[in-house]
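Just below is one structure, and these are the notes that go with it.
The values are calculated or read from the model by the stated rules, or taken from the named source; none is laboratory data. Keep in mind that this is a model prediction, so the values were computed, not measured. Ideal geometry is used to build each Cβ from the backbone, glycine not excepted, and the neighbour counts take in all protein chains shown. In case anyone asks, the SASA skips ligands and DNA or RNA and just uses the protein heavy atoms, side chains included. Shrake-Rupley method; radii C 1.70, N 1.55, O 1.52, S 1.80 Å.
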Amino acid sequence: MTTKIVIIDDHQLFREGVKRILEFEKSFSVVAEGDDGSDVIGLVDEYHPDVVLLDINMKDTNGIEATRQLLEAYPNTKAMILSIHDDEAYVTHALKTGASGYMLKEMDSDELIEAVKVVADGGSYIHPKITHKLVNEYRRLANQQNDGHGYQQPEVQIPLHLLTSRECEVLQLLADGKSNRAIGEALYISEKTVKNHVSNILQKMNVNDRTQAVVTAIKNGWVEVR
């Protein structure tokens with residue numbers, strides 16, 4: 001089935017570049033474009049897309065507010081934020097509003113295509129660089145909960161009862177904030193093989209996305225926080 005996509009961004013060149021990348025994927029169809037968040041309801045009403053990509057910073061209606069309006073009117077449509085900001089406050093705000101994805105504009109084309117596929121299938125996707133920042137935030141909160149005595153990393157127990165040794169290596173690199181490409185380079189395997197490992201990890205851990213996998217792994221002491 002074809003995934004119908006709407007792109008809303010106030011920079012025409014960037015918008016055209018994203019459209020060109022997405023249309024390399026045969027199952028994607030960019031059905032409409034807009035240059036402000038105020039366009040979102042009209043475009044979704046007319047074109048009924050599966051996924052809407054929204055720039056976070058726009059002149060009149062920003063991506064966060066547009067996401068809120070979109071999901072109030074069309075709760076089954078998936079919203080993805082495109083941003084230059086990797087601060088966890090932006091990410092948290094976007095996710096609380098209901099966005100299913102948060103991608104940095106420095107992403108490569110394969111990451112963008114993978115993210116849209118995941119979100120279109122009902123999952124969520126956060127840029128790997130932000131995953132690492134969220135891990136650091138988790139560590140900071142854990143430090144506060146320990147009354148200033150410092151974050152105590154539990155002894156790492158590699159989950160070989162659940163994952164293969166290679167999947168454990170991939171899980172650790174996910175916790176380090178590595179992208180699929182970087183994981184492949186570190187382990188000398190193809191990016192396609194990395195994607196297969198990540199898919200298996202999510203299924204075995206019964207989580208929906210990479211970030212949930214990392215947080216679960218940290219809580220269980222399955223990865224080293226470094």
Taking the criterion of being open to solvent by less than 50 Å² (accessible area, probe 1.4 Å), among the charged types (D, E, K, R) and either in contact with a helix residue (DSSP H, G or I) (Cβ under 6 Å, 6 or more places away or on another chain) or at pLDDT 85 or above (or both), would at least one residue in the range 143-166 satisfy it?
no
Take V31 and tell me if it is touching a strand residue (DSSP E or B) at 6+ places or on another chain (Cβ under 9 Å), farther than 23 Å from K133 by Cα and touching a residue at least 40 places away in the same chain (Cβ under 8 Å).
no
Mind listing whichever residues of the range 58-94 are under 19 Å from K117 (Cβ atoms) and hydrophobic (A, V, I, L, M, F, W, C)?
A79, M80, I81, L82
In the set K195, K219, K204, the lone residue that is of a type in the set (D, E, K, R), under 24 Å from A99 (Cα atoms) and open to solvent by 40 Å² or more (accessible area, probe 1.4 Å) is K195
When you scan the range 60-69, do you find a residue that is over 19 Å from the mean Cα position of the chain (by Cα), of a type outside the set (D, E, K, R) and assigned to a helix (DSSP H, G or I), even just one?
yes
Selection from the range 1-26 of residues assigned to a helix (DSSP H, G or I) and either in contact with an Asp or Glu (Cβ under 6 Å, 6 or more places away or on another chain) or under 18 Å from P49 (Cα atoms) (or both) yields R15, E16, V18, K19, R20, I21, L22
Tell me whether the range 73-81 contains one or more residues that are in a strand (DSSP E or B) and open to solvent by 10 Å² or more (accessible area, probe 1.4 Å).
yes
